[in-house]
Amino acid sequence: MPGPPQFWVTPRHLAGDDGVLADQIGATLTGAGWRMWPTSRSTLLYVSPDDLSGAEWVRASCPIELGGLPVAWQITARAHPDSALREWNAYVTEGVPHEAVADFLLALHARTEPATGFTGPQSVLDALLAQGWLLDIDHPTTTATAPDLAATVSLETVPEHVFDADPRPGMAGWQAWADPAVGTGLLWCATFSASVPHDLVAAFASSLASPAPVPRRTLPASARHRLTVIPPG
């Protein structure tokens, strides 16, 4: 039986795609040469060709929640292939537009040193501003919001259960979320621990804020009234 017809939707930050995030990201990583195997915890683990980066589909077993939503992907990086220590972690829930997650992972794949940062936090805000997002009036050096005010990216203290190799308490990392309708809960969340390189977060942010329409077959209920649907052709 053929699926429902595909159409194009904008804005991207509200075009969640529950149910396809695992397949789309898995295809991106496999195409980039990452190895995959199932784990004893019923998760799917992908490892980069240089053994420095990992991405694990943990939706089936992960108890971690962000904003009341279960984490779907956990992404990590190490400084050396033989190191057991993860330098940083990134977590995304279902509903995050898969294009943004894929662009983050492709930027990570292109890095020869995935655990080392080369730019400052302004690079993330610059990426958002370049796509038309707005600096927050009260926190202009750390936070930007979408033009429709339905999504936010902010540098702030991350939740305690978000692991980072830097042990200092109260470290700030990037967090992103979409809240399209009052009283319906968050549409999606993403959290990057303090040591995630800012240029990688900038790749995620730039993709998230892109005004280009994206193909979808279903629409998130809480955001349907705020989306523009463009028929194919």
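The values are calculated or read from the model by the stated rules, or taken from the named source; none is laboratory data. Only a predicted model underlies this, so the values are computations on that prediction, with no experimental measurement involved. Quick reminder, even Gly has a Cβ in these numbers, built from the backbone with ideal geometry, and neighbours come from all protein chains shown. Protein only, heavy atoms only, side chains kept; ligands, DNA and RNA dropped before computing areas. Shrake-Rupley method; radii C 1.70, N 1.55, O 1.52, S 1.80 Å.
Annotations
- When peptides 194-202, 29-37, 209-217, 123-131 are ranked by their average number of other Cβ atoms within 10 Å per residue, the highest-first order is 194-202, 123-131, 209-217, 29-37.
- For the stretch 41-140, the Cβ-based charge dipole about the Cα centre amounts to some 280 debye (Lys, Arg positive; Asp, Glu negative; other atoms uncharged).
- Entry for semi-axes √(5λ) of the Cα gyration tensor in Å (calculated from the structure that is shown) out of (i) 31, 18, 16; (ii) 26, 22, 16; (iii) 24, 22, 15: (ii)
- For the stretch 1-103, the solvent-accessible area with a 1.4 angstrom probe is 44 square angstrom per residue.
- Nonpolar atom fraction for the stretch 33-141, defined as the carbon and sulfur part of the 1.4 Å probe accessible area, stands at 57 percent.
- Over the chain: helical MRE at 222 nm, DSSP H runs n ≥ 4 each giving -39500 (n - 2.57), nearest 500: -5500 deg cm²/dmol
- Prolate/oblate/rounded label for the stretch 1-138 (Cα gyration tensor, a/c 1.5): oblate
- Look at the dipole of the stretch 45-113 built from charges on Cβ: of THR112, TRP88, GLY68, the Cα furthest out on the positive end belongs to GLY68.
- The residues of the stretch 136-233 expose on average 48 square angstrom of accessible surface per residue, using a 1.4 Å probe on protein heavy atoms.
- The loop-placed chymotrypsin sites (Phe, Trp or Tyr not before Pro) in the stretch 35-135, going by DSSP, that have at most 12 neighbouring Cβ atoms within 10 Å of their Cβ come out as PHE118.
- Amide H contacts of VAL9 (H built 1.01 Å from N, under 5 Å, at least 5 apart or other chain): VAL214, ARG216, ILE230
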